[in-house]
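The values are calculated or read from the model by the stated rules, or taken from the named source; none is laboratory data. In this text the structure is predicted, and so the values were computed from the model without any measurement. When we count neighbours, we look across all protein chains shown, and the Cβ atoms used for this are built from the backbone with ideal geometry, even at glycine.
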Amino acid sequence: MLKIKDLSADLGEFSMENINLEVENGQYFVILGPTGAGKTVLLEVIAGIYSADSGEIVLNDQNITNKPPKDRPISMVYQDYMLFPHLTVEDNIKFGLDSEGYSNEEIEKRTKEAVELLEIQDILHRYPRTLSGGERQRATLARGLVMDPDVFLLDEPVSALDVPTQEKIIDELKKIYRETEITIIHVTHSREKAVRLGERIAIMKEGEIKQTGNSSKVFREPNSEFVANFVGAENIFNATSKLNNGTAKVKLKDEIEIEALSNREGKVKACIRPEEIMVSKTPIDSSGRNMLEGEIIEISERENTMQLKVDTGIELVVTITKKSYADMNLKVGEKIHLAFKATAVHLI
Amino acid sequence: MKTEINKTVILFSIFSVILILYLLITIGNLIISQLVIDAGALWKTMWDSSVLKSIWISFSASFVSTAIAFLFGTPLAYFLARKNFPGKNFIESLIDVPVIIPHTVAGIALISVFGYNGLIGSPLEEIGIRFVDAFPGIVVAMLFVSIPFYINHVREGFESIDPKLENVARTLGESEWGTFRTITLPLAYRDVLAGSIMSWARGISEFGAVILITYYPMIAPVLIFERFRSFGLGASRPIAVVLILVSILIFVILRYLSRGWSLYAKD
């Protein structure tokens, strides 16, 4: 297990404060946050590239806080690959094993395993500048994997790639994770990647961890407006909550009241994820306790979904599949019915 | 658009040609006029033992000063490229001072340190190491004037290397020294080579600082000055031409060799 306790570091331009994290062995842990949140700095302090000002890093019961990078069983992959340009792919992969003084036999064995796992046999004798983005990323992953690290740190490993290549590398990461059961800490600003890859996630902002937990829990139950915004709960409203027979009556506006499954009372912020809202042209007969009517004021296309802005007296953002959108033949100006469950309403 | 580009190209070409002509005429006129006036003297000078000796002293002393610059200047260039520390601006300015001050001033400063009664010269004289009128004196003078050329070149080379490459090497098990040796230095090799060439060239061309601390043994520029003062242009010009031709030849060879390092070009 990797335990980070009260870790702080001030590097001038970037700083982080009182970071507390626990990552179980064999877990895929994602740190999600906007650019400039300090995610890369956190990885670099864990790797030992920069020293912490205070706090502790304990890996498998060993305190590694003051150990140099070469003595930490941790490999790191940067966003911009950082393959050594004067070495071939093969020499890049073998670099760490050479540095650690492994035998030729062991070097060949480990290299072969990593090369086969990442299917990069054809590029071993090439130099980094001749490789595509995807090839560079695979070579970089192989270079880190051959070290058989206890923890593998990935700093935005796919964000510099085009979308089709991103998908391939994400599949590679899942494959690596499945086949090696390695502990991975993956840093990203993409919530979509976080959801797809992370078992547990931490949300980071301005050098601080704001919330940690299972991916689905953090996304559905953000503990602050910042986290709610960042995980895509685009419907966030100031509201007043009153408890009534085990549910909360939440007043969003004078004429709009919804129900939430919560025990919070008083002034709150109500969050509803766009994908939790059902859409219909006719009144919806469902288990959703909250029913609203409104007019579509905007329709925008996302990669795999359609996003509707609906004026129900408050503006709600709704996400539906492209198929549903096409089937319903929705248009701007059209009146529609919305429904969502009380459990879809999260109060902060 | 096409017209605009052509005008710019034409203007740039005119200015470039003017500068090239300036260099060509200055150097070429010297060589051609010697060939026209007395090609025989040029041929004789090429085999004159005192001329060959002075050229050898120039080249070898500059080589030694470049080696010292490499040994001591490389770590300093690395610190300047990578670290922030108190007094960094002062040190950067100090390194550039030899470029600005007149070289006779540099010579006087060097005598006060390395002369018979100098801060360093006096104690070393007692153990048999002499600077005044000796080879070591030439080396320290050449080192003083060529340091900025080496350090600034090499520092730029180190700055151009992404520190994350070094970070990765350290996470892969390399020590600081191992990272410098296997990653930083190879990637900065062209700048180290260029800095060394410039430092060596600058040392060879030095006159003012050297002549004050070491008249004998004579480096080539001092020999040229002595022949000019004693016998005039006719006696000094052949030596100047020989020095130019040898320098051009060596530069061409070095530039050709350093082109081979494009293999290590950065991404």
Go through (1) in contact with a Lys or Arg (Cβ under 9 Å, 6 or more places away or on another chain); (2) modelled with pLDDT of 95 or more; (3) not small (Gly, Ala, Ser) for B:Phe180 and report which single condition fails.
(1)
Might you let me know whether segment A:109-124 holds any residue that is surrounded by fewer than 18 Cβ atoms within 10 Å (Cβ to Cβ), farther than 25 Å from A:His189 by Cα, among the charged types (D, E, K, R) and within 13 Å of chain B (Cβ to nearest Cβ)?
no
Suppose we keep only residues that are more than 12 Å from chain B (Cβ to nearest Cβ) and part of a helix (DSSP H, G or I) within segment A:88-106. Which one would you say is surrounded by the fewest Cβ atoms within 10 Å (Cβ to Cβ)?
A:Glu105
Of (1) at negative phi; (2) surrounded by fewer than 21 Cβ atoms within 10 Å (Cβ to Cβ), A:Met147 satisfies every one except (2)
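Looking at the structure I just gave you, is B:Val145 without any contact (Cβ under 8 Å) to a residue 12 or more places away in the chain and part of a helix (DSSP H, G or I)?
no
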Subset of segment A:312-324 that is buried (at least 18 other Cβ atoms within 10 Å of the Cβ) and not polar (S, T, N, Q) - its residue that is farthest from the chain's Cα centre (by Cα):
A:Leu316
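Name the strands (runs of 3 or more DSSP E) wholly within segment A:180-289 that hold at least 2 residues that are crowded, with 18+ Cβ neighbours inside 10 Å and touching a residue at least 60 places away in the same chain (Cβ under 8 Å)? Reasoning before the result, please.
On the way: elements: A:183-188, A:200-205, A:208-214, A:235-244, A:247-253, A:256-260, A:266-272, A:278-280.
Fully inside segment A:180-289 and qualifying: A:183-188, A:200-205, A:208-214, A:235-244, A:247-253, A:256-260, A:266-272.
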In segment A:292-311, the residues that are under 18 Å from A:Ile258 (Cα atoms), crowded, with 17+ Cβ neighbours inside 10 Å and not small (Gly, Ala, Ser)
A:Leu292, A:Val310
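Limited to segment A:126-167, what total is found for residues that are under 17 Å from the mean Cα position of the chain (by Cα), outside any loop (DSSP other than H, G, I, E, B) and more than 13 Å from chain B (Cβ to nearest Cβ)? Give the steps one after another, and end with the answer.
Of the residues in segment A:126-167, the ones under 17 Å from the mean Cα position of the chain (by Cα) are A:152-161, A:163, A:166-167.
With outside any loop (DSSP other than H, G, I, E, B) added as a condition, the list becomes A:152-155, A:163, A:166-167.
Filter again for more than 13 Å from chain B (Cβ to nearest Cβ), leaving A:163, A:166-167.
So the answer is 3.
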Select, from A:Val45, A:Val58, the only residue that is part of a strand (DSSP E or B), closer than 27 Å to A:Glu24 by Cα and under 27 Å from the mean Cα position of the chain (by Cα).
A:Val58
Does A:Ala194 satisfy the condition of being of a type in the set (A, V, I, L, M) and out of contact with any strand residue (DSSP E or B) (no Cβ under 8 Å at 6 or more places or on another chain)?
no
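Filter segment B:177-212 for residues that are of a type in the set (A, V, I, L, M, F, W, C) and closer than 16 Å to B:Ser54 by Cα and give the result.
B:Trp200, B:Ala201, B:Ile204, B:Phe207, B:Val210, B:Ile211
Hey, can you tell me all the residues within segment A:334-346 that are of a type outside the set (Val, Ile, Thr) and under 23 Å from A:Ile236 (Cα atoms)? Can you show your working first?
Going through segment A:334-346, the residues of a type outside the set (Val, Ile, Thr) turn out to be A:334-335, A:337-342, A:344, A:346.
Scanning segment A:334-346 gives A:Lys335, A:His337, A:Leu338, A:Ala339, A:Phe340, A:Lys341, A:Ala342, A:Ala344, A:His346.
Only residues that are part of a helix (DSSP H, G or I) and crowded, with 18+ Cβ neighbours inside 10 Å: list them for segment B:126-142, please. Break it down stepwise before answering.
Here is the first cut: in segment B:126-142, the residues part of a helix (DSSP H, G or I) are B:126, B:135-142.
Result: B:Pro136, B:Gly137, B:Ile138, B:Val139, B:Val140, B:Ala141, B:Met142.
Does A:Glu105 qualify as being closer than 30 Å to A:Gly232 by Cα and either not small (Gly, Ala, Ser) or not assigned by TED's automatic domain parsing to the domain that holds A:Leu197 (or both)? Working first, answer last.
On the way: closer than 30 Å to A:Gly232 by Cα: no; either not small (Gly, Ala, Ser) or not assigned by TED's automatic domain parsing to the domain that holds A:Leu197 (or both): yes.
No: the conditions fail for A:Glu105.
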Matching residues, segment A:226-248, being over 27 Å from A:Thr212 (Cα atoms) and either within 32 Å of the chain's Cα centre (by Cα) or of a type in the set (A, V, I, L, M, F, W, C) (or both):
A:Leu243
Can you tell me how many residues within segment B:1-50 are over 27 Å from the mean Cα position of the chain (by Cα) and either on the phi > 0 side of the Ramachandran plot or not in a helix (DSSP H, G or I) (or both)?
1
Hits in segment A:238-272 (condition: touching a Lys or Arg at 6+ places or on another chain (Cβ under 7 Å) and either within 30 Å of A:His189 (Cβ to Cβ) or not assigned by TED's automatic domain parsing to the domain that holds A:Ser287 (or both))
A:Asn238, A:Ala239
The one condition B:Glu166 fails out of (1) within 14 Å of chain A (Cβ to nearest Cβ); (2) modelled with pLDDT under 95 is (2)
Got at least one residue in segment A:75-82 being surrounded by fewer than 23 Cβ atoms within 10 Å (Cβ to Cβ), over 20 Å from the mean Cα position of the chain (by Cα), of a type in the set (A, V, I, L, M, F, W, C) and not in a strand (DSSP E or B)?
no
Selected residue (only one of B:Ser16, B:Ser65, B:Ser33, B:Ser93 is loosely packed, with under 15 Cβ neighbours inside 10 Å, in contact (Cβ under 8 Å) with a residue 12 or more places away in the chain and not β-branched (Val, Ile, Thr))
B:Ser33
Inside segment A:7-42, can you point out the residues that are modelled with pLDDT under 90, in a strand (DSSP E or B) and within 20 Å of the chain's Cα centre (by Cα)?
A:Met16
